[in-house]
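Visitor: Got a structure for you, questions after.
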Amino acid sequence: MNRILFPAVAGALVAMSGTALADTAVSAVADLNIRAGPGPQYPVIGVLAAGQSATLDGCIQNSKWCTIAEANGQGWIYSDYVTADFGGTEVVLTRRPADADITIVEAPADVDYPDTYTGAIVAGEPIEPISRPPAEVRTYIETNRVDPVYLEGEVVTGATLPDTVELREIPDYDYRYVYVNGQPALVDPGTRRIMYVER
């Protein structure tokens, strides 16, 4: 298990939350962004790879955003895509028991959510991402950038985009693309599932 908790960060979080820090290991069910803050508008500062573990520092009350310690300091993850052991059963962190001993942390004072979300990403069963697309597809997506849409949730393979998100065509290619929460993603137009995320 990759333990990446630093004493200084742990001490700061204990002071911030005012409660004892519960040492809860979480494991990613899909490649998951680690963001600089609790929201899709914050930059990605790392990735918690599928199957990789980390130590959970705590979660914001009534939110799906939780914090872990990572190599560059504190990072934030979306709890729909990590599991933890509760009473001998692996449970998605979002669906943890009400009496789970998870530390409540405060959101940073500078949280700046977008004015409006155009919908929410629907969490789905993780899938094996498609192979990295050919160079000409990556070049097309990069040179034909579109404004990103900001959706509540996190960009992972297997998740489904709402019908409100316009998918852009790629010449002579089966998948469509869109920039979601700042990241380019390839999407199956029939199912609207994310098949690949360019990191």
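The values are calculated or read from the model by the stated rules, or taken from the named source; none is laboratory data. Computed from a predicted structure; not experimentally measured. Glycine also receives a Cβ, built like all others from the backbone with ideal geometry; neighbour counts cover every protein chain displayed.
Visitor: Considering only the stretch 107-117, I want to know if a residue exists there that is at pLDDT 85 or above and either out of contact with any Phe, Trp or Tyr (no Cβ under 9 Å at 6 or more places or on another chain) or not hydrophobic (A, V, I, L, M, F, W, C) (or both).
Guide: No, there is no match, as no residue in the stretch 107-117 is at pLDDT 85 or above and either out of contact with any Phe, Trp or Tyr (no Cβ under 9 Å at 6 or more places or on another chain) or not hydrophobic (A, V, I, L, M, F, W, C) (or both).
Visitor: Within the stretch 132-145, track down each residue that is in contact (Cβ under 8 Å) with a residue 12 or more places away in the chain and among the hydroxyl-bearing types (S, T, Y).
Guide: Y140
Visitor: Could you grab me the full set of residues in the stretch 43-67 that are closer than 18 Å to V155 by Cβ and buried (at least 20 other Cβ atoms within 10 Å of the Cβ)?
Guide: Matches in the stretch 43-67: L48, W65, C66.
Residue by residue, here is whether (1) surrounded by fewer than 16 Cβ atoms within 10 Å (Cβ to Cβ); (2) over 20 Å from the mean Cα position of the chain (by Cα); (3) more than 19 Å from L32 (Cα to Cα) holds:
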| site | (1), (2), (3) |
| --- | --- |
| V137 | no, yes, yes |
| V146 | yes, yes, yes |
| E152 | no, no, no |
| V156 | no, no, no |
| E166 | yes, yes, yes |
| Y173 | yes, yes, yes |
| Q183 | no, no, no |
| L186 | no, no, no |
| G190 | yes, yes, yes |
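Visitor: So, of the residues in the stretch 1-52 that are farther than 17 Å from G182 by Cβ and hydroxyl-bearing (S, T, Y), which turns out to be modelled with the highest pLDDT?
Guide: Ranking the qualifying residues of the stretch 1-52, first place goes to S27.
Visitor: Does A107 satisfy the criteria of being in a strand (DSSP E or B) and among the small types (G, A, S)?
Guide: No.
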